[in-house]
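For reference, the structure is listed below as structure tokens.
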Amino acid sequence: FELLGLACMIDPPRAEAQAAVAACRAAGVGVKMITGDHATTAAAIGARLGLAGERPLTGGEADGLPDDALRARILETDVVARASPENKLRLVHALRGAGHIVAMTGDGVNDAPALKAADIGVAMGIKGTDAAKAAAEMVLADDNFATIANAVREGRTILDNIK
């Protein structure tokens with residue numbers, strides 16, 4: 001056998017997503033990336049976004065942790081890889097149990113339980129399934145994370161004006 005060639009593909013994060021993550025963090029909003037990707041891939045993407053994911057939490061690891069240990073572990077990383085729908089739901093509960101207000105984004109049927117359990121479920125309006133849109137409180141018309149960062153900024157401006 002002869003190796004004739006090798007093809008690689010990359011789907012880099014949008015440039016505006018990197019800026020949006022930085023803006024959220026500067027505003028005191030924590031950002032966690034939960035993905036089905038392999039842990040190494042997720043860590044690399046997380047690093048490009050400026051997320052702390054040197055030691056990503058994996059779905060398999062989360063499955064083996066009791067709730068209190070999961071709550072502590074999710075606070076140590078911003079990247080979760082190989083996450084199942086059950087993992088996403090447990091992560092939402094873990095963050096809420098740690099006293100955080102949780103906004104969850106998603107686009108698939110498998111995201112619906114976590115979207116419903118979050119304080120604010122945010123579904124993608126273009127690629128999102130009907131199940132995700134029905135479970136969410138908010139639907140993004142442009143499927144862009146930067147829209148969330150802009151909404152936080154606008155909401156805080158309105159709150160400051162009201163005060």
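Restricted to the range 1-26, and to residues that are among the aliphatic types (A, V, I, L, M) and in a helix (DSSP H, G or I), which residue is farthest from R90 (Cα to Cα)? Write out each step before concluding.
Quick first cut of the range 1-26, residues among the aliphatic types (A, V, I, L, M) only: 3-4, 6-7, 9-10, 15, 17, 19-23, 26.
Narrowing the set further to residues that are in a helix (DSSP H, G or I) leaves 15, 17, 19-23, 26.
Details: A15: 30, A17: 25, A19: 28, A20: 26, V21: 23, A22: 26, A23: 27, A26: 27 Å.
Filtering the range 1-26 for residues that are among the aliphatic types (A, V, I, L, M) and in a helix (DSSP H, G or I), the one farthest from R90 (Cα to Cα) comes out as A15.
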- Message: Take H93 and tell me if it is farther than 24 Å from A44 by Cα, assigned to a loop (DSSP other than H, G, I, E, B) and either open to solvent by 80 Å² or more (accessible area, probe 1.4 Å) or of a type in the set (D, E) (or both).
- Response: no
- Message: From the list G5, G36, G30, exactly one residue is under 22 Å from A118 (Cβ atoms), of a type outside the set (A, V, I, L, M, F, W, C) and free of Cβ contacts under 8 Å to residues at least 60 places away in the same chain. Which is it?
- Response: G36
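For the structure I just gave you, tell me whether A94 is out of contact with any strand residue (DSSP E or B) (no Cβ under 8 Å at 6 or more places or on another chain), of a type in the set (G, A, S) and farther than 17 Å from A20 by Cβ. Before you say what the answer is, go through the steps one by one.
Values: out of contact with any strand residue (DSSP E or B) (no Cβ under 8 Å at 6 or more places or on another chain): yes; of a type in the set (G, A, S): yes; farther than 17 Å from A20 by Cβ: yes.
The answer is yes for A94.
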- Query: Among all residue pairs at least 6 apart or on different chains, which show Cβ distances below 7 Å where the first residue, located in the range 48-70, is within 19 Å of V31 (Cβ to Cβ) and the second is loosely packed, with under 13 Cβ neighbours inside 10 Å and modelled with pLDDT of 95 or more?
  - Reply: none
- Among the residues of the range 37-53 satisfying the criterion of being touching a Lys or Arg at 6+ places or on another chain (Cβ under 9 Å) and either in a loop (DSSP other than H, G, I, E, B) or acidic (D, E) (or both), which is least open to solvent (accessible area, probe 1.4 Å)? L51
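Just checking, which of K127, K116, K88 is of a type in the set (D, E, K, R), more than 23 Å from R25 (Cα to Cα) and surrounded by 15 or more Cβ atoms within 10 Å (Cβ to Cβ)?
Details: K127 fails: surrounded by 15 or more Cβ atoms within 10 Å (Cβ to Cβ); K88 fails: more than 23 Å from R25 (Cα to Cα).
One residue alone meets the criteria, K116.
Counting just the residues of the range 5-22 that are closer than 30 Å to G155 by Cα and open to solvent by 40 Å² or more (accessible area, probe 1.4 Å), which one comes out modelled with the lowest pLDDT? Reasoning before the result, please.
Here is the first cut: in the range 5-22, the ones closer than 30 Å to G155 by Cα are 12-22.
Those left that are additionally open to solvent by 40 Å² or more (accessible area, probe 1.4 Å): 12, 14-16, 18-19, 22.
Values: P12: 81, R14: 84, A15: 84, E16: 90, Q18: 92, A19: 92, A22: 93.
Applying the filter and picking the extreme gives P12.
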- In the range 27-36, is there at least one residue being small (G, A, S) and part of a helix (DSSP H, G or I)? no
- Message: On the basis of being closer than 20 Å to A23 by Cβ, of a type outside the set (S, T, Y) and either in contact with a Cys (Cβ under 7 Å, 6 or more places away or on another chain) or surrounded by 10 or more Cβ atoms within 10 Å (Cβ to Cβ) (or both), does A146 make the cut?
- Response: yes
- Item | Residue check, I120 more than 17 Å from T35 (Cα to Cα), within 13 Å of the chain's Cα centre (by Cα) and in contact (Cβ under 8 Å) with a residue 40 or more places away in the chain | no
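Here's a check for you: in the range 71-101, which residue that is among the basic types (K, R) and without any contact (Cβ under 8 Å) to a residue 24 or more places away in the chain is farthest from D119 (Cα to Cα)?
Taking the range 71-101 as the starting set, the residues that turn out to be among the basic types (K, R) are 71, 73, 82, 88, 90, 96.
If we keep only those that are without any contact (Cβ under 8 Å) to a residue 24 or more places away in the chain as well, we get 73, 96.
Values: R73: 21, R96: 8 Å.
Out of the qualifying residues, it is R73.
The values are calculated or read from the model by the stated rules, or taken from the named source; none is laboratory data. Since the structure is predicted, the reported quantities are computational estimates derived from the model, not experimental observations. Glycine gets a Cβ as well: all are built from the backbone with ideal geometry, and neighbour counts include every protein chain shown. Protein only, heavy atoms only, side chains kept; ligands, DNA and RNA dropped before computing areas. Shrake-Rupley method; radii C 1.70, N 1.55, O 1.52, S 1.80 Å.
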